[in-house]
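Please read the structure below before turning to the comments.
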C-alpha cells in the first residue's frame, strides 16, 4: 500500500504536466501522474472532471496542448494510436458489428501480421480466458451485455498490450453482473500483471478495484493514493464528499495541540487529527466530515453525545441507514449506518437518541 | 374507460377519412396510368372500354425507347458511380476536418438543389458549345453528376455522422493504420449509406428529364427524353404502359434494397447497428 510512487522514467505510463483545452474549457490543467508496471490505477471523478480526456491522451485519440505522455519511458506525444501497443475497452464495447466474435478478437493480431495458425490458437486461448468458448462464430448483436464485454476484454488482451485502458466498461451492466465482471477483470489483470488505467465515476467501483486511485475534479488531480488512504484521509472537502457517503458537521475549533485539534460540536467536544487545519485559529469555524458507519447511536443525554431525533430509515438488508435530525449537521439530516437490522426495532422514527463518533473516522477542514 | 362521446367518435372517424383520402391521392396518378395502359384503343382515355397488352408490346419494341433505355443505363451507371466516389470524399472531408472555406464548399456542393435543372442543362449546353465539345455521353454524364451529387453527399454525410467514432478508435487501438481502419471498419459500416446513396442517385439520374433535354442529342437521348419526343408525335397508351414498367422496375429495385439492406438503413432512418 505504501510502496513509493514511481518516477517518470520507470513508470509504465507517465503524464507530465499535461494540459488540454477544448475551445474555452480547460479539460486538463497541468496534470502529472505516473503509473507503475502492473498497477491498477483508477481515474475517478464526476463527469467533466477530465478523467476521460486523460485516458484518451494515453490512447492517442487526443494530443496534449502542453506537457508530455510517456509509455514505458518513451514520450509518445507524436506516436499515433496504432503504434502505441495499447488495449482499450470502450463504454459501449465498440465491437465491430460486421464481424464475428472470433474476427473481432483476431483483428489486432491480423494488423500485427501474426501467422494464421497462431491467430487461431491465441483467439481460442482468449476465449477460454474470458469464458466464451464456443461463441466464435456469433455476431456481437447475438450476445448479451456481459458476453459483449468479455469479447471486448478478450480483444484488448489478446494483443498483449503494454497498458490496458478501460473507459467506464461496467456502466452498461446491471448490478449483479457488474460485481461478478469486476472480480473477473481484477483476477485477469492480476494474473497477467497488466498495467491498467480505469476510468469511472462510480466511487465504490474505484474503491474495490484499484491499487491506487486519482480523484479528479475540474481538470486537476485532487488526491492520489490507495483506496483506504483516500477513504480514511481525504485531502480536501471535495474528495471527502465525493468518495463514499459522508456527513458534514459544523463545529468550532478550540485549539490545536501536538497535531490534535479539539473541536466543539454543540454541547460536546471531539479530538481529531489536525493536519488539514494548519493555520486555523481558535474559535475558527470548521467542517467535520464523518463517515456514516463511524457514528453510533445510543440513549439520549449520555455524556459526549450529540442530541438527535430519528427522522426515517432505509433498510438495505445487511445494514440500515438512519436519517437523524441533528442541529450540528450542515444539511440538518445526519446519515448513520448501523450494521445488521436491530436499529429498526431499537430506534423507531421519532425516538430521541444520543449520537457519538470515533475520532478515527473524522476529518476536519476549515469551514467553506 | 369512460364511454367515448359522439363528438370524439365523429372526430376519430373524420381522421380516418382524411388519412384514407391522402393515401388515395398519393396512389391515384399511378393507378389511373396503370389502368389507361391496358386500353385497347389508340388513345389515352380513362376509363378504357376494352383491354389489351398490346401497348406494352409496342413500348418494348419501339426502337427509340430501346436505345433510350440503354443510354439511360449508361448515363446512370457512370454518373451515380462517379457521384458516389466524389460525394463520399467530400462528405468525409466535411465530416472529419475543420477548414476555412468549409461552409462555403458545403454551400456550393448543395447548390444544385436550389438551381433549376433547366438552368444546369442550359449551362452545360452553352459550355459544351463554347469549348466545341461534341454532344456525346460525357457531357450528359457530367451534367447528371452535378445534379445527383448533393443527394449522395447528404446520404453519405448522414451515415458518417451516425457512425460511432469508437469503432474506428477501437481499430486504431488494435494497431490498424488509418488506411486499414478505413477499408476494414469505416467503409463496411458505411455500406448501407453508400449503397443507399448510390441507389438514390441512380433512380434520380435515370428519371431526370429537364436537364437531359438540353444536353442529350438524338444519339444520346435517355428514356425520359425519348418519351417526351414520342408524346409530341403520338398520344397512344404505350406511354402509360412504359410508365407502369417504370414504376414496377423502381418498386422491384426498392424492394430488393429493402430486403438486403433494410430501407430504414438506406434512408438513414435507423442507425446501422
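We did not get these values from a lab; they are worked out from the coordinates using the rules stated. These numbers were taken from a predicted model, which means no experiment stands behind them. Positions of Cβ are generated from backbone atoms using ideal geometry, with glycine treated the same way; all protein chains shown enter the neighbour counts.
Couple of notes before you dig in:
- The DSSP beta bridges internal to region A:115-260 are antiparallel in roughly 55% of cases.
- What the Cα atoms of region A:127-274 give is an Rg and a Dmax of 21.0, 70 Å.
- Shape category assigned to region B:22-86 from the gyration tensor of Cα positions, a/c cut at 1.5: oblate
- With coordinates expressed along the principal axes, the C-alpha atoms belonging to region B:184-252 extend over 54, 27, 16 Å, beginning with the largest.
- Stretching residue B:40 away from residue B:19 to a fully extended chain increases their span by 4.1 nm, per 0.36 nm per residue minus the current alpha-carbon distance.
- Computed [θ] at 222 nm, deg cm²/dmol, chain B (DSSP H ≥ 4; -39,500 (n - 2.57); rounded to nearest 500): -24500 deg cm²/dmol
- Evaluated at q = 0.11, 0.12 Å⁻¹: base-10 log I(q)/I(0), Debye formula over Cα of region B:1-149: -0.81, -0.88
- Overall size of chain B from C-alpha positions, given as principal axis extents largest first: 78, 71, 32 Å.
- Residue B:81-residue B:209 FRET efficiency (beta carbon distance; Förster radius 22 Å; 0.05 resolution): 0.55
- Size of region B:77-178: Rg and Dmax of its alpha carbons, in Å, are 17.2, 55.
- Shielding by partners - mean other protein chain Cβ count within 10 Å, residues of A:80-88: 5
- Value of [θ]222 nm, deg cm²/dmol, for chain A, DSSP H segments ≥ 4, -39500 (n - 2.57) each, nearest 500: -7000 deg cm²/dmol
- Here region A:199-318 yields Rg over Rh of 1.01, to two decimals, using C-alpha coordinates and the Kirkwood radius.
- Debye equation applied to the C-alpha atoms of region A:105-177, log10 I(q)/I(0) at 0.15, 0.19, 0.26 Å⁻¹: -0.52, -0.82, -1.30
- Stretchable slack from residue A:26 to residue A:162, in nm (0.36 nm times residue separation minus alpha-carbon distance): 46.1 nm
- Hydrodynamic analysis of region A:204-258 uses the Kirkwood radius over alpha carbon pairs. Inserted into Stokes-Einstein at 4 °C and 1.567 mPa s, it gives a translational diffusion coefficient of 104 µm²/s.
- Whole-angstrom gap from region A:131-147 to region B:180-256, using each part's C-alpha centre: 42 Å
- Evaluated at q = 0.06, 0.13 Å⁻¹: base-10 log I(q)/I(0), Debye formula over Cα of chain A: -0.30, -1.05
- Top of B:35, B:27, B:82 by mean-square fluctuation, Gaussian network on chain B, Cα under 10 Å: B:27
- With each label modelled as a point 7 angstrom along the Cα→C-beta vector, the residue A:72-residue B:231 pair spans 7.2 nm.
- Shape analysis of region A:182-230 yields a ratio of the Cα radius of gyration to the Kirkwood radius, Rg/Rh, of 0.98.
- Interatomic Cα distance distribution for region A:112-151, bins of 5 angstrom, percent: 6, 23, 28, 21, 16, 6, 1
- Averaged over peptide A:155-161, the number of partner chain Cβ atoms lying within 10 Å of each residue's Cβ comes to 2.
- In terms of its alpha-carbon gyration tensor, region A:1-94 comes out rounded; the largest-to-smallest axis ratio a/c stays below the 1.5 threshold.
- Scaling against 2.2 N^0.38 Å puts the C-alpha radius of gyration of the protein assembly as shown at 1.40.
- Most fluctuating residue given options A:13, A:262, A:128, as computed from a GNM of chain A linking Cα atoms under 10 Å: A:128
- Dimensionless Rg ratio for region A:258-368, taking C-alpha atoms and the 2.2 N^0.38 Å reference: 1.11
- Size of region A:1-159 from its Cα atoms: along the principal axes, largest to smallest, the extents are 47, 34, 32 Å.
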